1. Using a 1.4 Å probe, what is the accessible area per residue for region 1-155, in Å²?
2. Mind listing the phi-derived Karplus ³J(HN,Hα) values for region 335-348, rounded to whole Hz, using 6.51, -1.76 and 1.60 with θ = phi - 60°, and x for any glycine or proline?
3. Please report how far the C-alpha centroid of region 69-104 lies from that of region 124-169, rounded to the nearest whole angstrom.
4. Counting only protein heavy atoms, what percent of the accessible surface of region 99-238 is carbon or sulfur at a 1.4 Å probe?
5. Below 8 Å, C-alpha to C-alpha, sequence gap of six or more: please give me the relative contact order for the chain in percent.
6. To the nearest 20 Debye, how big is the dipole of region 205-317 about its Cα centre, given +1 on the beta carbon of each Lys and Arg and -1 on that of each Asp and Glu?
7. Any idea what the dipole of the chain comes to, in debye rounded to 20, about its Cα centre with Lys/Arg Cβ at +1 and Asp/Glu Cβ at -1?
8. Once the dipole of the chain is set up with Lys and Arg at +1 and Asp and Glu at -1 on Cβ about the Cα centre, which of Gln36, Thr212, Leu243 lies farthest towards its positive end?
Amino acid sequence: MPAPVRIRFAPSPTGFLHLGGARTALFAWAYARHFQGTFVLRIEDTDRERSTQVATQAILDSMAWLGLDYDEGPFYQMERMPRYREVVADMLARGLAYRCYMSTEELDALREAQMARGEKPRYDGRWRPENAAGKAPPAGVVPVIRFRNPDSGTVAWDDRVKGRIEFANTELDDLVIARPDGTPTYNFCVVVDDIDMRITHVIRGDDHVNNTPRQINIFRALGYEPPVFAHVPTVLGEDGQKLSKRHGAVSVTEYDVAGYLPEAMINFLARLGWAHGNDEVFSPQEFCDWFDLDAISPSPSRFNTDKLRWLNQEHMKRLPSEELGWRLLPFLEKEGLDVATGPTPGAVAELFRERVATLIEMAQAARFFYTDITPDAALVAEQIQPANRAALDELHKVFETLPWNRESLNAALKNAAQRHGLKPPQIMMPIRALVAGTLSTPAIDAVLTLLGREKTRARMQRPGSEVVD
């Protein structure tokens, strides 16, 4: 029986969590959930110059917004330094690693000479014990610790996304696993962590492919088989170039601020390189139910703003009105609107969900319900003509006693147009201009129903409208 799935997401807190990292986290989380496994969060913060608490919190906030709950962690590598030193000492004692006294200047000179000869630059093993026998360490040089990589053969793995990958060990030099100050390096820490945390599967970006053979050799030197690897391709911008800020490489939390639903973002991220038949719109639970590594495409995927906006609207349509209204509420408040002065957010959400793509757009479109607006004078003058002034005046009077519901309002609007020999838009458009300040609104009978009798009649009496009792 195979071991229970244990999978980790291990970001470095040197910046925000962008879409590529969020997709990696999503795939790892979904794989754990699909197989009832364990999702581990590990913060790889050994880059002391660039790691920040602000970036760490941004990662945690992004995962919380997306709903990517973890079962263990977060674990911080900087808190595990004693463990790393213990393993380094053990490797030195067992001959799996050695002290290298080569200076930076010597290493640079070696690489320049190798490149001049057309060779791949690599450390030449000069401080391996068999090569340094009888050679005294230079005075004043604090050594690094290098892992003794195998001299021959190949290191290979069956990648769950990219297929069979092989490296010749002659292409890999002896990796530094601890710096002169004793700080362990990334590739070493990753292996120790994955062993201690019993990680069975690793999903990560394909920029790590060159790290994997080095890590596999360390795993095996320590007596452990490596986990299953799945290297997912990068996410490109809409222009096919590396994703940058101008086409989506911003913090995941910015999509929250911009009015996107986390369900839609999960749906969007999932479809960046993964597919389930012809299914386009699905819930996080459906994604977990369907997800497997075999369906990940080995080709890069492209960010598409239009697709994200479409998915967000589809997910807004799926939510119950009251739930969508609850999501809308903070965006109305950010617009400075007093929700108590107008319809419930749920009613507004129901009215606009078919017309806008984000919650910010919904809140902005609904401003006229909660605050007085001043329509453009030219718009009012354009819409209110001698031909329809009498009809509008009549409606203003009718609205004083009319039962205030969509059916009655719709009938009154159509009857007024018919009695005055007008087409319905000749009545409905000027009312839109007067009550909402725009000609682009949902059905006017629905708008008036939510706006209420008093506000409707008051706005129909705006200066210049010439609609009077």
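1. Details: 7930 Å² over 155 residues.
Accessible area per residue: 51 Å².
2. Per residue, the Karplus-derived 3J(HN,Hα) values read 7, x, 9, 8, 4, 5, 8, x, x, 5, x, x, 5, 5 Hz.
3. 16 Å
4. On the way: 3210 of 6500 Å².
With neighbouring chains kept in place, the figure for region 99-238 is 49 percent.
5. Details: 712 pairs, mean separation 59.0, N = 469.
Relative CO of the chain lands at 13 percent.
6. Working: 10 positive and 16 negative charges, 98 e Å.
Here the size comes out at about 480 debye.
7. Values: 55 positive and 64 negative charges, 69 e Å.
For this selection, approximately 340 debye.
8. Of Gln36, Thr212, Leu243, it is Leu243.
The values are calculated or read from the model by the stated rules, or taken from the named source; none is laboratory data. Since this is a predicted model, take the numbers as computed values, not measurements. Because the Cβ atoms are built from the backbone with ideal geometry, glycine has one as well, and the counts that use them run over all protein chains shown. The protein model used for the area step is the full one, side chains on, heavy atoms only, and it has no ligands, DNA or RNA in it. Shrake-Rupley method; radii C 1.70, N 1.55, O 1.52, S 1.80 Å.
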